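Each remark here refers to the structure printed beneath this line.
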Amino acid sequence: VSFVFMGFCTYICVMLEKIIPYITVILASGFKYALGPVTGKVFSLSNWEIIILMIIGMSLTVVLLTTLVGDFFYGFLKRTLFKNRKTFSPKTRNIVRVWNKRGLIGISFLTPILFSPVGGALIAISFGESKKKIILYMFLSACFWAPITVFFMDQIISFVHSLVQHQG
């Protein structure tokens, strides 16, 4: 019995060792998209793994916000954080300008690089766009930006690494 228990514990530890980096990259990408490649590189994941996990992270965040907690979360933010906020600040004017010119496609396209998945989803929800469209366009945006972001981060890491080696 003790051998079976020890084997089970070993199996769980090995699985956690593999799952924790994936979950971390998913959560980081769902919160702030640019954190995905950095977190993935810290865990020595391949570029393809990072790209797939970033897409999953952003998509998961968007699905959760638009379907399960979107209305509740957006209402909570309006009642608490944005209670005494000006309706039109320079930032909100720019968001409205993007929405008026490009609509959901523009907001979705800019979400990973400017707004974060949480911010972009809340902006799309606030304009009353359909949940299916929000999820689809945000997914396509994640698929577009993930490889670019990972490649860009690779270039920065290589550059910093070369600087450190030249000084050492």
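The values are calculated or read from the model by the stated rules, or taken from the named source; none is laboratory data. Since we're looking at a predicted model, the values are computed, not measured. For neighbour counting, all protein chains shown are included, and Cβ atoms are generated from backbone atoms with ideal geometry for every residue, glycine included. The accessibility values were calculated without ligands, DNA or RNA, using every heavy atom of the protein model including side chains. Shrake-Rupley method; radii C 1.70, N 1.55, O 1.52, S 1.80 Å.
The number of residues in segment 91-107 being under 15 Å from ILE125 (Cα atoms) and at pLDDT 80 or above comes to 5.
A count restricted to segment 136-152 and to residues that are open to solvent by less than 30 Å² (accessible area, probe 1.4 Å) and under 17 Å from THR39 (Cβ atoms) stands at 4.
Pairs are defined by a Cβ separation below 9 Å, a sequence spacing of at least 6 or placement on different chains, a first member in segment 12-34 that is without any contact (Cβ under 8 Å) to a residue 24 or more places away in the chain, and a second member that is open to solvent by 80 Å² or more (accessible area, probe 1.4 Å) and assigned to a helix (DSSP H, G or I); the pairs so defined are THR24/VAL42.
Evaluate segment 113-131: report whether one residue or more is under 19 Å from VAL38 (Cα atoms), among the small types (Gly, Ala, Ser) and open to solvent by 10 Å² or more (accessible area, probe 1.4 Å). Checked segment 113-131: at least one residue is under 19 Å from VAL38 (Cα atoms), among the small types (Gly, Ala, Ser) and open to solvent by 10 Å² or more (accessible area, probe 1.4 Å).
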